[in-house]
Amino acid sequence: MAARDRKDRGILILLVLLFLLLGGSLYAFFHMKNTAETHQAKIEELQVTLSKEKEKNRAALQELADKEEEIRDLEEYKKKAGNAREEYFRMAADLESRILSGESEAKIAYLTFDDGPYLTTTSSFLDVLDEYDVKATFFYLLKDERYDEIYRRVIDSGHTLANHTATHNLKSDGIYQSVETFLEDIRLNRDEIERRFGYRTDIMRFPGGSGQAREKKGDIIQGLREMGYGYVDWDTETGDGRNVGSVDEYIHGVLDHSENYRVMVVLMHDYSYNTAKALPSIIEGLRDQGFLFLPLFHESVKVK
Ligand SMILES: [Zn+2]
């Protein structure tokens, strides 16, 4: 009896143990299965993210490559444009020297416009120049971003953009108070134009003409040379900078004196409505007198 009881208890314990073992195994199995499934889901999720990231990176890389190619093309284009402009000015310099030696019968007029840009008037001047396919020179001051479109149009149309100081301040405490004040004003305008438009000016005009610099003129010119600048005065003018005249007066201001010149610089201001109205007749009149129109360049005999 005792032996049988022991045997039964033994079997019971064995069953309990088996049960526990089985339960444990089942638990472990399901737990692992769940964990594995969770991990698998996570892995898949990560793979999706990764491939999305890769795709994004691929797109970004492609975009970068495209941009680089665009920049290369643009630089190539700028180089070509720069070369063409240099070549153009080389030919112009050659023509000037042949005119001055009497070898050529040609005449050159450099139309110049000071003190702009102007929001209300400059575009009328640019329209007339476009209409007659004439390239000119704009001696400009430093004005804010509202004027960017005008600076940009002057540059893109192939006119010469030149430096007329940043402030044009002619008061006693202004640009002419010292050599350094003057050069600083030129530098400010040069640097801003270069920063905003990637265009480097190398020609300037003294506000009021080089005579305004008086006893400082020599030192200022020396300083300008060291900065790579040449300066330009003028031969004839409409007179719009001195007083308000009629359209007719402005036309005569130029055409009555132009016969004296083979290579001539004409001074005008692109703030004057009457000059804008006179401009077509000035261009036609000078053409009739045999003048060609060129934009000024650093190597011109008119740039000192
Ligand atoms: Zn001026």
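The values are calculated or read from the model by the stated rules, or taken from the named source; none is laboratory data. All figures in this text were calculated on a predicted structure; none of them were measured in a lab. Please note: Cβ atoms are built from the backbone with ideal geometry, for glycine as well, and neighbour counts cover all protein chains shown. Areas reflect the complete protein model, heavy atoms only, side chains present, ligands, DNA and RNA absent. Shrake-Rupley method; radii C 1.70, N 1.55, O 1.52, S 1.80 Å.
Some points to look at:
- Pairs spanning more than 20 Å between alpha-carbon atoms, out of Lys78/Lys143; Lys135/Lys302; Lys171/Lys302: Lys78/Lys143; Lys171/Lys302.
- Inter-site label distance for Glu87 and Val48 at 7 Å from Cα along Cβ, in nm: 5.9
- Dividing the alpha-carbon radius of gyration of segment 1-105 by the rule-of-thumb value 2.2 N^0.38 Å gives 3.42.
- His298 contributes an accessible area of around 60 Å² to the protein surface, as traced by a 1.4 Å probe with all chains present.
- Springs between Cα atoms under 10 Å define the GNM used for the chain, and in it the highest mean-square fluctuation of Thr35, Thr137, Thr49 occurs at Thr35.
- Segment 272-304 and segment 172-200: distance between their alpha carbon centers, rounded to Å: 26
- Coordinate range of the alpha-carbon atoms in segment 73-137 per principal axis, descending: 43, 35, 22 Å.
- Average accessible area per residue (Å²) across the chain - probe 1.4 Å, nucleic acids and ligands excluded: 60
- Förster radius 51 Å - calculated FRET efficiency between Gln212 and Ala60 (Cβ-Cβ, nearest 0.05): 0.35
- With R₀ set to 41 Å, the beta-carbon distance separating Asn34 from Ile13 gives a calculated FRET efficiency near 0.85.
- Loop-located trypsin sites (Lys or Arg not before Pro) in segment 163-234, at most 15 other Cβ atoms within 10 Å (DSSP): Lys171, Arg200
- For segment 105-138 versus segment 212-246, the gap between their alpha-carbon centres in whole angstrom: 18
- Just so you know, the Cα atoms of the chain work out to an Rg and Dmax of 39.5, 150 Å.
- Spacing of the two label points (7 Å from each Cα toward its C-beta) at Arg6 and His257, in nm: 14.1
- Directionally averaged projected area (convex hull, Cα atoms, segment 111-209), nm²: 6.2
- Helix-only [θ]222 nm of the chain, DSSP H runs n ≥ 4, -39500 (n - 2.57) each, per residue, nearest 500: -20000 deg cm²/dmol
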